[in-house]
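Read the structure below first, then the notes.
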Amino acid sequence: MGMFSGRILAEGIASAVPNWLWIWGNGMNTIRRGLLAVACLLISGVGSGMDMDWRAKVDQPLLEALQTLTQTEFMVQLDARADLTPAAAIDDKAAKGRYVVTALQQVAAESQGSLRALLDARGVSYRAFWISNSIAVTGSITDIEAIARLESVTQIHWLQPIPAPAPVTVEPRSATAAKAVSHKAAEAGVSLVRAPEVWAAGFNGQGIVVGDHDIGVEWTHPALQDKYRGWDAQSRTASHDYNWRNAFGATDLFCSDPGVPCDSNGHGTHTTGTMVGDDGNGMQIGMAPGAQWIGCRSLLDPVVGLGTVPTYMDCMEWMIAPYPIDDPDGADPAMAPHVVNNSWGCLEGCAPPVLDDVNQATKAAGIVQVVSAGNDGSECSTIAFPLAVYEESFTVGASDVDDNMASFSSRGPVLTDLSMRTKPNVTAPGVSTVSAYLDGEYASLSGTSMSGPHVAGLVALLLSSETKLIGRVDDVRAIIENTAVPLAHGETCGGTSDADIPNNTSGFGRIDAYEAVTRRPILDIATAGNTSGDALEFTATITLPGDAAIAATGLVLSVDLPDGATVSQAESAATQPATKAAEQYTLDSLQPGGTWVVKLTITGAGSNPVLSTVEADQVSAKAGDPVNGAASAGGSPPTGSGGAWGLGALLLLIGAAGLRRR
């Protein structure tokens, strides 16, 4: 199933109407009917004697539908919001996730009480969520009125089942037939984006967990079983706790045991295969074969897939804080994946403000949210549906292995929320992609559904090459964008052409895994020392390559002094350090091609070595060569130094952002 090949927006002014106001695909007629429905409610006296305030909180199509329906499902959004901004300052991803989950759950617990009491009193069915402060309810027009009259309620959205149409093309193949194609060593798209070169450099996704939010996964597939986090290869047993979630539970008609991973369609198996698949016998279909996967099923039906906003939210809550089978109280953000692939789109009943909340929470928790752009191209502004439209989504378009844009790939800019946001972010191979399929077989599929997993796999490769990038969503996205290969497509959308980077057809371009990994921030440190009397003049020179994809931020140079040694404080207001101190100096940022030089005069080191390391927000600690202390009063260069004579004082040569000592 390629990412939605469903309806596009109606022409003209209808395309500029916010998507929470209408049913996708019905255009202006639906809007007119919705306005008429409000008028009819007023004239006919439905809920007579009621003022207009409560109706203003209700989606117009929902009011229209309830003229004929006695009950329907809707999402109630409350006004209280958690402040997630402090999470950005937390370096550890698990701690970041715990902060986000705790903040969201606390706000939900404090603000949902009156609404839940009302729902209990009325005897209606509901499901409360914390990832967005919302409650899914099944009720009537009188229930809606009572709910809307609560001051804490901001909006009531209509929810409908969401069909996810079939892929652009599906060409099932047996394993034997698939292996006979020319890309036996690695799938064609995987090779195009240079993932095998990253493997050769020693990075294959090791230590990284990818999440697949889709229609499920055939976990016993030979290319996937050994990659499943719940599988113990040594004992040949599996534990699905924290590793699998079926949002439909016992109501799932297509999976006999909701506690065991399943796929009733093949789509989720295919996307997971593109992220991590490798059978060990030549079928190298995955970008990051050293990574592990977990999965959540929010789409139902073995033919085209069917989802709802509550099932999407169920999976996204679980992805932020996975829990054992049917035990949400055991949720643990430390078990969350590092990146989640979403090869689906919400076509109807999407409750966009709610899904935007969910997306923001996912990013705040340090998880990269990769989203397929959609299969509604080649017209402009066909990236029209959640989650692809959101800023927090890393939206992926499709190209082929000859670097031509796929005609079906949806284009920007985003009009449905009136933002004119440039999308997609990047493109990746999505035409005739071979990956895992049902019954242990393989299939060739086309769609942006196939493109997204290439990017999710690249995220795994990048994070395995530098673990300090884990949880730093903006840095990861910027590295991938800034190392992408621009595509020549000759199109103009939203005033951007292929001469503009990014543009609304291909974004920053087609991903390049090798460039992303090798051009991540990598610091070099060169140390040197000279003696002058009993003083050691120590110099550390830190550089960032000129082709680095992004700047290094939060640099820290640590200098470990021998016992009894101190740093002279000439022309420095800093407090004299204690004996045996680890001196630390900081720099806010170092741009690509930049150099940072720190010179210290150290006394009392004798012949003992002075050690140093440098690190940054995005760069693990790297040690400089040890510089030995004073060799003699005559001033000969100390052992292990570069032999260059220093200035004899503390000189802090800084870049654009200031150097600090701490």
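The values are calculated or read from the model by the stated rules, or taken from the named source; none is laboratory data. These numbers were taken from a predicted model, which means no experiment stands behind them. Note that we place each Cβ from the backbone using ideal geometry, even for glycine, and neighbour counts take in every protein chain shown. Surface areas here come from the heavy atoms of the whole protein model, side chains and all, with no ligands, DNA or RNA. Shrake-Rupley method; radii C 1.70, N 1.55, O 1.52, S 1.80 Å.
Odds and ends about this structure:
- Check: region 78-122 dipole with +1 on Lys, Arg Cβ and -1 on Asp, Glu Cβ, in debye: 140 debye
- Share of carbon and sulfur in the accessible heavy-atom surface of region 304-434 [1.4 Å probe, %]: 47 percent
- Per-pair calculated FRET efficiency, R0 = 25 Å: residue 80 and residue 121 via Cβ, rounded to 0.05: 0.75
- Ordering of 434-440, 456-462, 231-237 by packing is 456-462, 434-440, 231-237, highest average first (other Cβ atoms within 10 Å, averaged per residue).
- Ligands, DNA and RNA are left out, and with a 1.4 angstrom probe the accessible area of region 503-564 is 25 Å² per residue.
- Shape call, region 333-448: gyration tensor on alpha carbons, a/c limit 1.5: oblate
- Taking the square roots of 5 times each eigenvalue of the Cα gyration tensor of region 265-398, largest first, gives ellipsoid semi-axes of 23, 21, 15 Å.
- For residue 241 and residue 306, a Förster radius of 25 Å and the Cβ-Cβ distance give a FRET efficiency of 0.40, rounded to the nearest 0.05.
- Solvent-accessible area per residue, Å², over region 212-253 with all protein chains present [probe radius 1.4 Å]: 43 Å²
- Calculated FRET value between residue 251 and residue 586, using beta carbons and R₀ = 60 Å, to 0.05: 0.65
- Restraint check, 93/423; 468/599; 96/468, Cα-Cα greater than 21 Å: 93/423; 468/599
- This model, with +1 at the C-beta of Lys and Arg and -1 at the C-beta of Asp and Glu, gives region 243-323 a dipole about its Cα centre of some 100 debye.
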